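Undergrad: Take this structure, written in C-alpha coordinates, and hold onto it; I'll ask about it next.
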Amino acid sequence: MTDAVRPLITGNWKMNGLTSSMAEFEAMLAGAGPLAAKADLLVCPPATLVGAFAAKARGGKVAVGAQDCHPKPSGAHTGDLSAEMFKDLGATAIIVGHSERRADHGETDALIRQKAEAVWRAGLTAIVCIGETREQRDAGKTLDICSTQLKGSLSDGSTAANLVVAYEPVWAIGTGLTPTTADVEEVHRFIRGVLTERFKAEGAKVRILYGGSVKPSNAAELMAVANVNGALVGGASLKASDFLAIAAGC
Ligand code: PGA
(Lines give C-alpha, C1' and ligand atoms only; values in the text may rest on other atoms or scores of the structure.)
Protein backbone atom coordinates (compact mmCIF):
# COMPACT_ATOMS: atom_id res chain seq x y z
CA MET A 1 0.00 0.00 0.00
CA THR A 2 1.86 3.05 -1.23
CA ASP A 3 -0.88 5.69 -1.05
CA ALA A 4 -1.10 7.95 1.99
CA VAL A 5 -4.78 7.11 2.42
CA ARG A 6 -5.30 4.76 5.37
CA PRO A 7 -6.53 1.38 4.13
CA LEU A 8 -9.91 -0.07 5.09
CA ILE A 9 -10.56 -3.80 5.05
CA THR A 10 -14.30 -4.46 5.09
CA GLY A 11 -15.95 -7.83 5.51
CA ASN A 12 -19.37 -8.28 3.90
CA TRP A 13 -20.99 -11.35 5.42
CA LYS A 14 -24.03 -11.11 3.12
CA MET A 15 -26.86 -13.46 4.22
CA ASN A 16 -24.56 -15.60 6.34
CA GLY A 17 -24.23 -15.95 10.10
CA LEU A 18 -26.27 -16.94 13.12
CA THR A 19 -25.91 -16.11 16.80
CA SER A 20 -23.40 -18.97 16.93
CA SER A 21 -21.12 -16.92 14.62
CA MET A 22 -20.12 -14.71 17.55
CA ALA A 23 -17.12 -16.97 18.20
CA GLU A 24 -15.75 -16.21 14.72
CA PHE A 25 -16.23 -12.49 15.25
CA GLU A 26 -14.54 -12.71 18.65
CA ALA A 27 -11.57 -14.35 16.94
CA MET A 28 -11.39 -11.37 14.58
CA LEU A 29 -11.45 -8.97 17.50
CA ALA A 30 -8.76 -10.96 19.27
CA GLY A 31 -6.45 -10.94 16.26
CA ALA A 32 -7.08 -7.37 15.09
CA GLY A 33 -4.79 -5.56 17.54
CA PRO A 34 -1.49 -5.64 15.64
CA LEU A 35 -3.23 -5.03 12.29
CA ALA A 36 -4.97 -1.87 13.43
CA ALA A 37 -1.66 -0.02 13.13
CA LYS A 38 -1.86 -0.25 9.35
CA ALA A 39 -5.54 -0.54 8.46
CA ASP A 40 -9.06 0.11 9.67
CA LEU A 41 -11.12 -3.05 9.99
CA LEU A 42 -14.89 -3.21 9.53
CA VAL A 43 -17.24 -6.19 9.53
CA CYS A 44 -20.77 -5.95 8.11
CA PRO A 45 -22.77 -8.94 9.33
CA PRO A 46 -26.45 -9.49 8.51
CA ALA A 47 -28.78 -7.02 10.24
CA THR A 48 -29.72 -9.67 12.81
CA LEU A 49 -26.17 -9.65 14.20
CA VAL A 50 -25.24 -5.96 13.98
CA GLY A 51 -26.34 -5.16 17.54
CA ALA A 52 -24.62 -8.11 19.18
CA PHE A 53 -21.41 -7.64 17.18
CA ALA A 54 -21.29 -3.91 17.86
CA ALA A 55 -21.79 -4.49 21.59
CA LYS A 56 -18.98 -7.04 21.60
CA ALA A 57 -16.71 -4.78 19.52
CA ARG A 58 -17.05 -1.73 21.76
CA GLY A 59 -13.60 -0.35 22.51
CA GLY A 60 -11.99 -2.91 20.18
CA LYS A 61 -10.19 -2.65 16.85
CA VAL A 62 -12.95 -3.88 14.54
CA ALA A 63 -15.85 -1.59 13.65
CA VAL A 64 -19.26 -2.97 12.74
CA GLY A 65 -21.46 -1.93 9.82
CA ALA A 66 -24.62 -2.92 7.97
CA GLN A 67 -25.24 -4.08 4.40
CA ASP A 68 -28.18 -1.92 3.34
CA CYS A 69 -30.72 0.57 4.69
CA HIS A 70 -33.97 2.28 3.72
CA PRO A 71 -33.73 5.93 2.63
CA LYS A 72 -36.23 7.08 5.26
CA PRO A 73 -35.43 7.37 8.99
CA SER A 74 -38.69 5.69 10.11
CA GLY A 75 -42.27 5.08 8.98
CA ALA A 76 -44.62 2.61 7.36
CA HIS A 77 -42.08 0.41 5.54
CA THR A 78 -42.70 -3.12 6.72
CA GLY A 79 -39.56 -5.19 6.99
CA ASP A 80 -37.17 -2.33 6.24
CA LEU A 81 -34.45 -0.94 8.49
CA SER A 82 -33.16 2.62 8.65
CA ALA A 83 -29.67 4.03 8.96
CA GLU A 84 -30.72 5.55 12.29
CA MET A 85 -31.62 2.07 13.57
CA PHE A 86 -28.17 0.76 12.69
CA LYS A 87 -26.52 3.77 14.27
CA ASP A 88 -28.58 3.08 17.39
CA LEU A 89 -27.09 -0.43 17.46
CA GLY A 90 -23.54 0.91 17.22
CA ALA A 91 -22.86 0.59 13.49
CA THR A 92 -20.42 3.09 11.98
CA ALA A 93 -20.90 2.40 8.27
CA ILE A 94 -23.45 0.98 5.82
CA ILE A 95 -22.83 -0.64 2.43
CA VAL A 96 -25.21 0.68 -0.23
CA GLY A 97 -25.68 -0.32 -3.86
CA HIS A 98 -24.06 -3.72 -3.68
CA SER A 99 -24.47 -5.44 -7.06
CA GLU A 100 -26.51 -8.20 -5.41
CA ARG A 101 -29.02 -5.57 -4.28
CA ARG A 102 -28.93 -3.89 -7.67
CA ALA A 103 -29.68 -7.30 -9.25
CA ASP A 104 -31.99 -8.91 -6.66
CA HIS A 105 -33.97 -5.79 -5.76
CA GLY A 106 -33.67 -3.67 -8.89
CA GLU A 107 -31.90 -0.88 -7.02
CA THR A 108 -31.13 2.13 -9.22
CA ASP A 109 -28.37 4.71 -8.93
CA ALA A 110 -30.96 7.26 -7.80
CA LEU A 111 -32.15 5.03 -4.97
CA ILE A 112 -28.57 4.26 -3.95
CA ARG A 113 -27.87 7.97 -3.80
CA GLN A 114 -30.86 8.44 -1.48
CA LYS A 115 -29.59 5.60 0.68
CA ALA A 116 -26.10 7.12 0.85
CA GLU A 117 -27.68 10.40 1.94
CA ALA A 118 -29.67 8.50 4.58
CA VAL A 119 -26.43 7.00 5.88
CA TRP A 120 -24.96 10.50 6.21
CA ARG A 121 -28.12 11.84 7.84
CA ALA A 122 -27.51 9.24 10.56
CA GLY A 123 -23.89 10.37 10.86
CA LEU A 124 -22.41 7.18 9.40
CA THR A 125 -20.12 6.37 6.47
CA ALA A 126 -21.62 5.11 3.20
CA ILE A 127 -19.76 2.43 1.29
CA VAL A 128 -21.09 2.87 -2.25
CA CYS A 129 -20.52 -0.11 -4.57
CA ILE A 130 -20.08 0.10 -8.32
CA GLY A 131 -18.86 -2.29 -10.99
CA GLU A 132 -19.49 -3.76 -14.42
CA THR A 133 -20.90 -7.12 -15.50
CA ARG A 134 -18.96 -9.57 -17.67
CA GLU A 135 -20.95 -8.50 -20.73
CA GLN A 136 -20.23 -4.85 -20.07
CA ARG A 137 -16.50 -5.56 -19.66
CA ASP A 138 -16.41 -7.62 -22.85
CA ALA A 139 -18.15 -4.78 -24.67
CA GLY A 140 -15.43 -2.36 -23.48
CA LYS A 141 -17.90 -0.42 -21.35
CA THR A 142 -16.28 -0.80 -17.91
CA LEU A 143 -15.27 2.83 -17.44
CA ASP A 144 -18.55 4.15 -18.86
CA ILE A 145 -20.52 1.99 -16.43
CA CYS A 146 -18.39 3.08 -13.48
CA SER A 147 -18.74 6.71 -14.53
CA THR A 148 -22.53 6.46 -14.81
CA GLN A 149 -22.87 4.66 -11.49
CA LEU A 150 -20.59 7.15 -9.71
CA LYS A 151 -22.40 10.16 -11.16
CA GLY A 152 -25.81 8.73 -10.30
CA SER A 153 -25.14 7.36 -6.85
CA LEU A 154 -22.85 9.95 -5.28
CA SER A 155 -24.17 13.12 -3.66
CA ASP A 156 -22.61 16.55 -3.65
CA GLY A 157 -21.92 16.31 0.07
CA SER A 158 -19.38 13.50 -0.32
CA THR A 159 -16.25 13.75 1.82
CA ALA A 160 -13.41 11.42 2.68
CA ALA A 161 -15.06 10.90 6.08
CA ASN A 162 -18.57 10.03 4.94
CA LEU A 163 -17.87 8.15 1.70
CA VAL A 164 -16.01 5.01 0.68
CA VAL A 165 -16.27 3.75 -2.90
CA ALA A 166 -16.02 0.01 -3.56
CA TYR A 167 -15.17 -1.11 -7.09
CA GLU A 168 -16.50 -4.63 -7.49
CA PRO A 169 -16.61 -6.16 -10.96
CA VAL A 170 -19.80 -8.22 -10.82
CA TRP A 171 -18.15 -11.13 -12.63
CA ALA A 172 -15.43 -11.32 -9.97
CA ILE A 173 -17.81 -11.59 -7.02
CA GLY A 174 -17.90 -15.06 -5.54
CA THR A 175 -16.38 -16.61 -8.66
CA GLY A 176 -12.71 -16.91 -7.74
CA LEU A 177 -11.93 -14.73 -10.79
CA THR A 178 -10.15 -11.40 -10.40
CA PRO A 179 -9.18 -8.77 -12.95
CA THR A 180 -5.48 -8.36 -13.70
CA THR A 181 -3.71 -5.84 -11.51
CA ALA A 182 -3.35 -3.67 -14.62
CA ASP A 183 -7.13 -3.70 -15.07
CA VAL A 184 -7.70 -2.91 -11.40
CA GLU A 185 -5.19 -0.06 -11.63
CA GLU A 186 -6.90 1.38 -14.70
CA VAL A 187 -10.35 1.40 -13.11
CA HIS A 188 -9.16 2.74 -9.75
CA ARG A 189 -7.21 5.52 -11.47
CA PHE A 190 -10.33 6.38 -13.41
CA ILE A 191 -12.48 6.42 -10.24
CA ARG A 192 -9.90 8.62 -8.50
CA GLY A 193 -10.08 11.03 -11.41
CA VAL A 194 -13.88 11.22 -11.24
CA LEU A 195 -13.74 11.79 -7.47
CA THR A 196 -11.09 14.52 -7.60
CA GLU A 197 -12.79 16.30 -10.47
CA ARG A 198 -16.05 16.43 -8.55
CA PHE A 199 -14.93 16.67 -4.92
CA LYS A 200 -11.49 18.29 -5.35
CA ALA A 201 -9.17 17.71 -2.36
CA GLU A 202 -11.72 15.49 -0.57
CA GLY A 203 -11.94 13.28 -3.64
CA ALA A 204 -8.21 12.61 -3.43
CA LYS A 205 -8.67 11.17 0.06
CA VAL A 206 -11.85 9.09 -0.41
CA ARG A 207 -10.98 5.43 0.05
CA ILE A 208 -11.50 3.26 -3.02
CA LEU A 209 -11.80 -0.42 -2.13
CA TYR A 210 -11.40 -3.30 -4.51
CA GLY A 211 -13.88 -6.18 -4.09
CA GLY A 212 -14.42 -9.50 -5.85
CA SER A 213 -12.76 -12.78 -4.84
CA VAL A 214 -10.22 -11.15 -2.53
CA LYS A 215 -8.51 -13.86 -0.50
CA PRO A 216 -5.32 -14.22 1.54
CA SER A 217 -3.35 -15.43 -1.49
CA ASN A 218 -4.11 -12.41 -3.71
CA ALA A 219 -4.71 -9.63 -1.17
CA ALA A 220 -1.17 -8.24 -0.95
CA GLU A 221 -0.86 -8.00 -4.73
CA LEU A 222 -4.22 -6.24 -5.08
CA MET A 223 -3.60 -3.91 -2.14
CA ALA A 224 -0.29 -2.81 -3.67
CA VAL A 225 -2.05 -1.39 -6.74
CA ALA A 226 -2.11 2.42 -6.91
CA ASN A 227 -5.39 3.92 -5.66
CA VAL A 228 -6.49 0.66 -4.06
CA ASN A 229 -7.12 1.74 -0.49
CA GLY A 230 -8.38 -1.53 0.91
CA ALA A 231 -10.78 -4.34 0.13
CA LEU A 232 -14.43 -5.31 0.34
CA VAL A 233 -14.32 -9.00 1.11
CA GLY A 234 -17.25 -11.39 0.89
CA GLY A 235 -16.68 -15.13 1.26
CA ALA A 236 -13.21 -14.87 2.77
CA SER A 237 -14.46 -12.52 5.50
CA LEU A 238 -16.51 -15.28 7.11
CA LYS A 239 -13.39 -16.88 8.59
CA ALA A 240 -11.38 -14.87 11.09
CA SER A 241 -8.08 -16.39 9.95
CA ASP A 242 -8.70 -15.44 6.30
CA PHE A 243 -10.03 -11.97 7.09
CA LEU A 244 -7.05 -11.19 9.32
CA ALA A 245 -4.61 -12.59 6.75
CA ILE A 246 -6.12 -10.30 4.11
CA ALA A 247 -5.74 -7.30 6.43
CA ALA A 248 -2.14 -8.32 7.06
CA GLY A 249 -1.54 -7.97 3.32
CA CYS A 250 -2.06 -4.19 3.39
P1 PGA B 1 -16.50 -12.16 -2.65
O2 PGA B 1 -17.61 -11.02 -2.50
O3 PGA B 1 -15.29 -11.71 -1.87
O4 PGA B 1 -17.11 -13.39 -2.06
O5 PGA B 1 -16.18 -12.29 -4.10
C6 PGA B 1 -17.26 -9.66 -2.50
C7 PGA B 1 -18.48 -8.81 -2.33
O8 PGA B 1 -19.54 -9.13 -2.92
O9 PGA B 1 -18.45 -7.81 -1.60
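The values are calculated or read from the model by the stated rules, or taken from the named source; none is laboratory data. Model, not experiment: these values are computed from the prediction. Heads up, the Cβs are rebuilt from the backbone with ideal geometry, glycines too, and the neighbour counts pull from every protein chain shown. Heavy atoms of the whole protein, side chains included, go into the accessibility calculation; ligands, DNA and RNA do not. Shrake-Rupley method; radii C 1.70, N 1.55, O 1.52, S 1.80 Å.
Undergrad: List the residue pairs whose Cβ atoms are under 7 Å apart, where the first residue sits in the range 1-20 and is within 25 Å of Leu163 (Cβ to Cβ) and among the acidic types (Asp, Glu), the second is modelled with pLDDT of 95 or more and surrounded by fewer than 20 Cβ atoms within 10 Å (Cβ to Cβ), and the two are 6 or more positions apart or on different chains.
TA: Cβ pairs passing all conditions: Asp3/Ala226.
Undergrad: Shifting gears a bit: Would you mention how many residues in the range 55-83 are touching a helix residue (DSSP H, G or I) at 6+ places or on another chain (Cβ under 8 Å) and acidic (Asp, Glu)?
TA: Result for the range 55-83: 1.
Undergrad: Where residues in the range 168-182 are in a helix (DSSP H, G or I) and in contact (Cβ under 8 Å) with a residue 12 or more places away in the chain, which of them is farthest from the ligand (Cβ to nearest atom)?
TA: Residues of the range 168-182 that are in a helix (DSSP H, G or I), as a first pass: 170-172, 181-182.
Imposing the further condition that a residue be in contact (Cβ under 8 Å) with a residue 12 or more places away in the chain reduces the set to 170-172, 181.
Working: Val170: 9, Trp171: 10, Ala172: 6, Thr181: 17 Å.
Among those that are in a helix (DSSP H, G or I) and in contact (Cβ under 8 Å) with a residue 12 or more places away in the chain, it is Thr181.
Undergrad: Here's a follow-up. Conditions first: (1) in contact (Cβ under 8 Å) with a residue 40 or more places away in the chain; (2) within 16 Å of the ligand (Cβ to nearest atom); (3) open to solvent by 10 Å² or more (accessible area, probe 1.4 Å). Ala110 passes all but one, so which condition is the exception?
TA: Answer for Ala110: the failing condition is (2).
Undergrad: Moving to a separate point now. So how many residues does the range 166-178 have that are more than 20 Å from Val96 (Cβ to Cβ) and surrounded by fewer than 21 Cβ atoms within 10 Å (Cβ to Cβ)?
TA: Initially, the range 166-178 is screened for residues more than 20 Å from Val96 (Cβ to Cβ), giving 171, 175-178.
When the remaining residues are screened for being surrounded by fewer than 21 Cβ atoms within 10 Å (Cβ to Cβ), the result is 175-178.
Looking only at that region, the number is 4.
Undergrad: Starting from residues that are modelled with pLDDT of 95 or more and open to solvent by 50 Å² or more (accessible area, probe 1.4 Å), keep the ones in the range 1-20 and report whichever is farthest from the ligand (Cβ to nearest atom).
TA: Thr19
Undergrad: I'm trying to understand the selection: among the residues of the range 26-49, which are within 30 Å of Ala226 (Cα to Cα), part of a helix (DSSP H, G or I) and not small (Gly, Ala, Ser)?
TA: Of everything in the range 26-49, those that are within 30 Å of Ala226 (Cα to Cα), part of a helix (DSSP H, G or I) and not small (Gly, Ala, Ser) turn out to be Met28, Leu29, Pro34, Leu35.
Undergrad: Quickly run through the range 88-118 and pick out the residues that are within 14 Å of Pro71 (Cα to Cα) and assigned to a loop (DSSP other than H, G, I, E, B).
TA: Gly97, Glu107, Thr108
Undergrad: Same structure again: Against the definition (open to solvent by 20 Å² or more (accessible area, probe 1.4 Å), more than 11 Å from the ligand (Cβ to nearest atom) and farther than 18 Å from Glu100 by Cβ), how does Leu163 come out, yes or no?
TA: On the way: open to solvent by 20 Å² or more (accessible area, probe 1.4 Å): no; more than 11 Å from the ligand (Cβ to nearest atom): yes; farther than 18 Å from Glu100 by Cβ: yes.
When the stated conditions are applied, Leu163 does not pass them.
Undergrad: From Ala23, Ala52, grab the single residue that is part of a helix (DSSP H, G or I), in contact with a Ser or Thr (Cβ under 8 Å, 6 or more places away or on another chain) and either open to solvent by less than 70 Å² (accessible area, probe 1.4 Å) or modelled with pLDDT of 95 or more (or both).
TA: When all the criteria are applied, what remains is Ala52.
Undergrad: In addition: Just give me the residues in the range 201-216 being part of a helix (DSSP H, G or I) and touching a Lys or Arg at 6+ places or on another chain (Cβ under 9 Å), in sequence order.
TA: Gly203, Ala204
Undergrad: For residues in the range 88-100 being open to solvent by less than 60 Å² (accessible area, probe 1.4 Å) and under 21 Å from Leu209 (Cβ atoms), which is nearest to the chain's Cα centre (by Cα)? Break it down into steps so the answer makes sense when it comes.
TA: Within the range 88-100, the first condition is being open to solvent by less than 60 Å² (accessible area, probe 1.4 Å), and the residues that meet it are 90-91, 93-99.
Okay, now just the ones that are also under 21 Å from Leu209 (Cβ atoms), so 91, 93-99.
Numbers: Ala91: 14, Ala93: 9, Ile94: 8, Ile95: 6, Val96: 8, Gly97: 10, His98: 8, Ser99: 11 Å.
Among those that are open to solvent by less than 60 Å² (accessible area, probe 1.4 Å) and under 21 Å from Leu209 (Cβ atoms), it is Ile95.
Undergrad: A further question on this structure: Restricting the search to the range 66-87, which residues are among the acidic types (Asp, Glu) and either in a helix (DSSP H, G or I) or open to solvent by 70 Å² or more (accessible area, probe 1.4 Å) (or both)? Walk me through how you get there before you give the answer.
TA: We begin by selecting, within the range 66-87, every residue among the acidic types (Asp, Glu); these are 68, 80, 84.
Selection gives Asp80, Glu84.
Undergrad: Within the range 217-241, track down each residue that is within 12 Å of the ligand (Cβ to nearest atom) and in a helix (DSSP H, G or I).
TA: If the condition is that a residue be within 12 Å of the ligand (Cβ to nearest atom) and in a helix (DSSP H, G or I), then Asn218, Ala219, Leu222, Gly235, Ala236, Ser237 are the ones that fit.
Undergrad: Next question. Between a residue in the range 132-153 that is open to solvent by less than 30 Å² (accessible area, probe 1.4 Å) and assigned to a loop (DSSP other than H, G, I, E, B) and any residue that is at pLDDT 95 or above and among the β-branched types (Val, Ile, Thr), which pairs come within a Cβ distance under 9 Å, given they are 6 or more apart or on different chains?
TA: Glu132/Thr142; Glu132/Ile145; Glu132/Val170; Glu132/Val187
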